[in-house]
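> Below are the structure tokens for one structure; questions will follow.
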Amino acid sequence: MIYLYAFTDHPELPLPSLPRLGQEHPEHIELQILPFRDLAVIYSQTPASSMPPDSANIWRHESVVEALMADRTVLPVRFGAILENEANLPAMLAPVYPTLQADLQRLAGCLEVSLRALWKAPESQDVPALDRSAAMSGVEYMQARLKQERKQTMVRQKAEKLAASIHTFLSRLACESHCQVLPIPSLLLKAAYLIQRDQLAAFQQAVDSLPTTCRFGDELDLLCTGPWPPYSFTTALDPIPNLHSATSGLTL
Amino acid sequence: MSESVSKEREIVLIDLLDRILYKGVIIWGDITISVANVDLVYLGLKVLLTSIEKGDEMRRHATLAALADEALQDGKRTGKS
């Protein structure tokens, strides 16, 4: 069996030496490379037919992809991709090669940064539920509903305005970006930014300046992590079924 | 380890899981990982927003659920119930 880590450009480059993953996970990873036209598939042999998503395996996958990212463009493969052997790879790659090649060109020199803005605005949590047990006339009930609806709309509008100001400010430094506003009530904004490597320091400064630039004070907690391999910016492909894959529960 | 360092590790781990398990190139097959049908990221954010102890408790539950599932699958394979 082989375990896939990433597709990269520059198949002629030597494989990187990998950092030790610490005392907990001292095992050695023997990476292999399969050139395919002008890209490369990076993988390792594995005796397992599935890869449990535990802490050791998750960090091993990430360490390999990050080591590759140091000197080449990577398209990180989603965790858990296992194939019978490398003999099938060229036939499987052929139909998706144009997409992979286009992604490698588009993502060249880029890194991903994640931003989450956790919302502490009291009014976002302060929309009372209607007390259905209270004795209310129909009119009173409808008025209460209307009041509740207006408050929720106001909270939503405030969230959208604040999220838009943050996202617009940061997007000017990004090649591409994705964002979700209020995916859950306490998360105002969840965003990913594709940044040119040489823009990383400027992006960090922009994040640091957000509380004053976007004037939200201590209403928000910003959680910014990265740089990550560009997981969020690879093109979704139509998967071919029957891959051995990790489907077991999380054991971190 | 201080609580702030521990929380930072949690945040990084959540972002890593959000990417490595749900994004990236997937060419073959359908890889799905979930904990009792709860989105891991939202589960993780709840961990962040509650105490570290609560987070540990949630992780233990996730681990136990996985072990129980594994035991159930083993039982099915060996004909046990």
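The values are calculated or read from the model by the stated rules, or taken from the named source; none is laboratory data. On a predicted model such as this, the values are computed, not experimentally measured, just so you know. When we count neighbours, we look across all protein chains shown, and the Cβ atoms used for this are built from the backbone with ideal geometry, even at glycine.
> With A:L220, A:L173 as the choices, which residue is touching a residue at least 60 places away in the same chain (Cβ under 8 Å), on the phi < 0 side of the Ramachandran plot, surrounded by 15 or more Cβ atoms within 10 Å (Cβ to Cβ) and hydrophobic (A, V, I, L, M, F, W, C)? Quick ask: steps written out before the conclusion?
Working: A:L173 fails: touching a residue at least 60 places away in the same chain (Cβ under 8 Å).
Every option except A:L220 fails the conditions.
> Can you name every residue in the stretch A:34-64 that is at pLDDT below 90 and part of a loop (DSSP other than H, G, I, E, B)?
Those that are at pLDDT below 90 and part of a loop (DSSP other than H, G, I, E, B): A:T46, A:P47, A:A48, A:S49, A:S50, A:M51, A:P52, A:P53.
> Would you point out which residue out of A:F79, A:F36 is more than 26 Å from the chain's Cα centre (by Cα) and surrounded by 15 or more Cβ atoms within 10 Å (Cβ to Cβ)?
One residue alone meets the criteria, A:F36.
> Filtering the stretch A:65-77 down to residues that are within 11 Å of another protein chain (Cβ to nearest Cβ) and assigned to a helix (DSSP H, G or I), which residue is farthest from A:L4 (Cα to Cα)?
In this case the residue turns out to be A:E66.
> I would also like to ask the following. Could you say which residue among A:L118, A:L146, A:L130 is modelled with pLDDT under 95, farther than 22 Å from A:D218 by Cα, of a type outside the set (K, R) and out of contact with any helix residue (DSSP H, G or I) (no Cβ under 6 Å at 6 or more places or on another chain)? Break it down stepwise before answering.
Values: A:L118 fails: farther than 22 Å from A:D218 by Cα; A:L130 fails: out of contact with any helix residue (DSSP H, G or I) (no Cβ under 6 Å at 6 or more places or on another chain).
Of the residues listed, the single one that is modelled with pLDDT under 95, farther than 22 Å from A:D218 by Cα, of a type outside the set (K, R) and out of contact with any helix residue (DSSP H, G or I) (no Cβ under 6 Å at 6 or more places or on another chain) is A:L146.
> Touching a residue at least 24 places away in the same chain (Cβ under 8 Å), farther than 19 Å from A:L100 by Cβ and in contact with a strand residue (DSSP E or B) (Cβ under 9 Å, 6 or more places away or on another chain): which single residue out of A:T46, A:T73 fits that description?
Matching residue, one of A:T46, A:T73: A:T46.
> If I filter the stretch A:194-203 for residues that are within 13 Å of chain B (Cβ to nearest Cβ), part of a strand (DSSP E or B) and at pLDDT below 95, do I get at least one hit?
Within the stretch A:194-203 (the criterion being within 13 Å of chain B (Cβ to nearest Cβ), part of a strand (DSSP E or B) and at pLDDT below 95), the answer is no, since none of the residues qualifies.
> Among the residues of the stretch A:101-110, is any part of a helix (DSSP H, G or I), modelled with pLDDT of 90 or more, surrounded by fewer than 14 Cβ atoms within 10 Å (Cβ to Cβ) and within 13 Å of chain B (Cβ to nearest Cβ)?
yes
> Out of the stretch A:139-170, which residues are among the polar types (S, T, N, Q) and either closer than 15 Å to A:L210 by Cα or surrounded by 13 or more Cβ atoms within 10 Å (Cβ to Cβ) (or both)?
Passing the criteria: A:Q148, A:Q152, A:S165, A:T168.
> Restricting the search to the stretch A:153-176, which residues are polar (S, T, N, Q) and over 20 Å from A:K190 (Cβ atoms)? Give the steps one after another, and end with the answer.
Step one: of the stretch A:153-176, the residues polar (S, T, N, Q) are A:153, A:157, A:165, A:168, A:171.
Within the stretch A:153-176, A:T153 is the sole residue that qualifies.
> For the stretch A:82-101, name all the residues that are under 20 Å from the mean Cα position of the chain (by Cα) and farther than 16 Å from A:Y5 by Cβ.
Matches in the stretch A:82-101: A:T99 only.
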